[in-house]
Amino acid sequence: MTSALKKADAVDRVSASKELGSLRSLDMAEVELRDVNATLQAAGKGENDNRWEVLNPRGSHAVAVGLDVPIEVTVKGSTGYYCAGMNKKATVHVEGSVGPGVAENMMSGTVIVEGDASQYAGATGHGGLLVIKGNASSRCGISMKGIDIVVHGNIGHMSAFMAQKGNLVVLGDAGGALGDSIYEARLFVRGSVASLGADCIEKEMRPEHLEILKDLLERAGADASPSEFKRYGSARKLYNFNIDHAGEY
Amino acid sequence: MCGIVGLFLKKDELRPRLGELLTDMLVTMTDRGPDSAGIAIYGDSADGIKFTVQSDTPKEDFAGLEEALRAAIDAPVSLKVLDTHAVITVAQATAATAEAFLEGRGLRIMGKGESMEIFKEVGLPQEVADRFGLRAMSGSHGIGHTRMATESAVTTLGAHPFSTAEDECIVHNGSLSNHNDMRRRLTKKGFVAKTENDTEVAACYVSSRIAEGANLREALEGALEDLDGFYTFVTGTKDGFGVVRDPIACKPAVMAETDDYVAFASEYRAFADLPGIENARVWEPEPATVYFWER
């Protein structure tokens, strides 16, 4: 890691904005992935080390994972599997597309993807905000546990499967079997829904939902009105134990 | 797991670089499949039919083969040896006799066609590419595979691509669940898979549909109906390049298109060195959707 820090220092650039601190670079053409992540994980504790950019990711897996400090990281290009996985407190901005499992198991913080996301974006996330400005493919928000996800484009099939908590907002269309076996997550879709999964139904949009939606759309930089969306959620017939069915077990 | 790559050139300018670009893509996918690798490349059309044959004992088997084949078919033969493989070209009229002769000598026919050549072996993708000199090859399109075997043995014949008809080939990431039933059905139709591998059954399926009059797009649409299991397939014909994923689509896939080419890979990493990739349209192919390009 020492060598990585030296290399990182060597390519430091001073930002025009002093309030935000200087921008420091990690070039993956020179620095190994493990050293990139170790450097980012150790950052945010000293002076001028809270703004970083990662250059030349070239589709690498596990870029900027396991961060637990409130730093800003910009990834200049597309990444592979599990980008910004397990994120806590940090803001990770990907100026490209991401492979499967972006922000999987995120705890808090913000992850913004300028391009598309592959399968299971935000899977099992406990908190924080994941914004995908392009499309997300299948299984977006699978087993989400409190994360908020805003997708500017479309999402693929089996999204929000077994989603337990949090909000999934889709400005475009949703693929088949949306919200299959869903628990208490809220799903908001502006476009069409190819089909709803088991125990997922359209629900009434009440004022408190419009408030949640308005806030999420603003924070995600999405130009859409809450009134254009429909809300979907659990019919609560699948996961609740029904005493009348006791004899069937 | 397995890694698959494909590159289909829309313009001739990149033809001399096809082998180089495809090899780099293939080697990048080593992590996904380090046990064997293979490539099918559509090069210059031969004046006749090219057979790519393989032998475990190439020194013995390829010595004197050209002369023996020439005598057997009483017609000109050209033969080019590349490690364990040899590419043998004969006139169309003598192809059937030549094929019977080659099989009679115990050689394994990996593929045949006017332009397609297939090279595959056990080993790391970089080693396999070096043995055959893949980087130096030119052509219009090609597909490649790095294998992590799951359902049949790690052997040369179990490596991909598979070819079961002239100028047709397929690579596969996934596993089929109805390949035994499909194998029996195809055998009855006369399309006999030579190995125990599930992907070869898929190759036979596509070949059978094309033989029945379907184009590659229709054959792949048929695969969505008739083949059960997990699959991302990338296929080649003399002039065409096709991609299809099963409806569940858990096997990864990404595509890139520019004015110059269409590229496929299991992961974006494989595209990082393609010319103009920063301005390419990059997307994930939809499940149960056939993508098809033709020259």
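The values are calculated or read from the model by the stated rules, or taken from the named source; none is laboratory data. No experiment lies behind these values; they were computed from the predicted model shown. Here Cβ is always computed from backbone atoms with ideal geometry, including for glycine, and neighbour counts include all displayed protein chains. To get the accessible areas, we keep the full protein, side chains included, count just its heavy atoms, and leave off ligands, DNA and RNA. Shrake-Rupley method; radii C 1.70, N 1.55, O 1.52, S 1.80 Å.
How much FRET efficiency would the formula 1/(1 + (r/R0)^6) give for residue B:60 and residue B:135, where r is the Cβ-Cβ distance and R0 is 30 Å, rounded to 0.05? About 0.60, to the nearest 0.05.
Loop-located trypsin sites (Lys or Arg not before Pro) across region B:1-40 with a Cβ neighbour count of 14 or fewer within 10 Å are B:11, with loop assigned by DSSP.
Per-residue surface analysis assigns residue B:105 an accessible area of about 100 Å², computed on protein heavy atoms at 1.4 Å probe radius.
Volume of the convex hull of region B:199-284 (Cα atoms only), normalised per residue: 108 Å³.
Residue B:115 sits among other residues whose Cβ lies under 13 Å from its own Cβ, and their net charge, with Lys and Arg +1 and Asp and Glu -1, is -3. Modelled label positions at residue A:38 and residue A:89, each set 7 Å beyond Cα in the direction of Cβ, lie 2.1 nm from each other. A full extension of the chain between residue B:47 and residue B:109 corresponds to an added length of 20.4 nm, given 0.36 nm per residue minus the alpha carbon distance. Would you tally the net charge around residue B:176, using a Cβ to Cβ cut-off of less than 9 Å, leaving residue B:176 out, and scoring K and R as +1, D and E as -1? Summing Lys and Arg as +1 and Asp and Glu as -1 gives -3.
Given an 8 Å cut-off on Cα distances and at least 6 residues of separation, report the relative contact order of region B:46-114 as a percent.
Computed over region B:46-114, the figure is 50 percent.
Here the Kirkwood formula, the inverse mean of 1/r across different C-alpha pairs, assigns region B:112-163 a hydrodynamic radius of 12.1 Å.
Using the Stokes-Einstein relation with a Kirkwood hydrodynamic radius computed over Cα pairs, the translational diffusion coefficient of chain B at 20 °C and a viscosity of 1.002 mPa s comes to 113 µm²/s. Over all distinct alpha-carbon pairs, what is the Kirkwood Rh of chain A in angstrom? Result for chain A, one decimal place: 18.5 Å. Put simply, region A:66-107 fits an ellipsoid with semi-axes of 16, 13, 5 Å; these come from the alpha carbon gyration tensor as the roots of five times its eigenvalues, largest first.
Between A:174, A:185, A:235, the Gaussian network model of chain A with springs among Cα atoms under 10 angstrom shows the greatest mean-square fluctuation at A:235. Lysine pairs in region B:11-117 whose alpha-carbon atoms fall under 22 angstrom of each other, counting only those eight or more residues apart or on distinct chains, come to 6.
Expressed to the nearest 5 percent, the antiparallel share of DSSP beta bridges inside chain A is 15 percent. Positive-end ranking of B:206, B:176, A:224 along the dipole of the protein assembly as shown, with charges on Cβ about the Cα centre, is headed by A:224. Could you tell me whether region B:46-114 comes out rounded, prolate or oblate from its Cα gyration tensor? Rule is a ≥ b ≥ c as square roots of the eigenvalues, rounded for a/c under 1.5, then prolate if a/b exceeds b/c, otherwise oblate. Prolate, since a/c reaches 1.5 and a/b exceeds b/c. If R0 is 30 Å, the Cβ-Cβ spacing of residue A:210 and residue B:281 corresponds to a FRET efficiency of close to 0.25. To the nearest 10, the accessible area of residue B:268 is 50 Å² with a 1.4 Å probe. Global size of region B:1-100: 16.5, 47 Å for Rg and Dmax (C-alpha atoms, Rg to one decimal, Dmax whole).
Counted by Cβ distance under 14 Å from residue A:182, the other residues give a net charge of +4, where Lys and Arg count +1 and Asp and Glu count -1.
Normalised radius of gyration (Cα atoms, divided by 2.2 N^0.38 Å) for the protein assembly as shown: 1.09.
Chains B and A: buried accessible surface, both sides, probe 1.4 Å, rounded to 100 Å²?
1000 Å²
Using the Cβ-Cβ distance between residue A:27 and residue B:13 with R0 = 30 Å, the FRET efficiency computed as 1/(1 + (r/R0)^6) comes to roughly 0.45. Largest to smallest in accessible area, the residues A:201, A:142 fall in the order A:201, A:142 (1.4 Å probe, all protein chains included).
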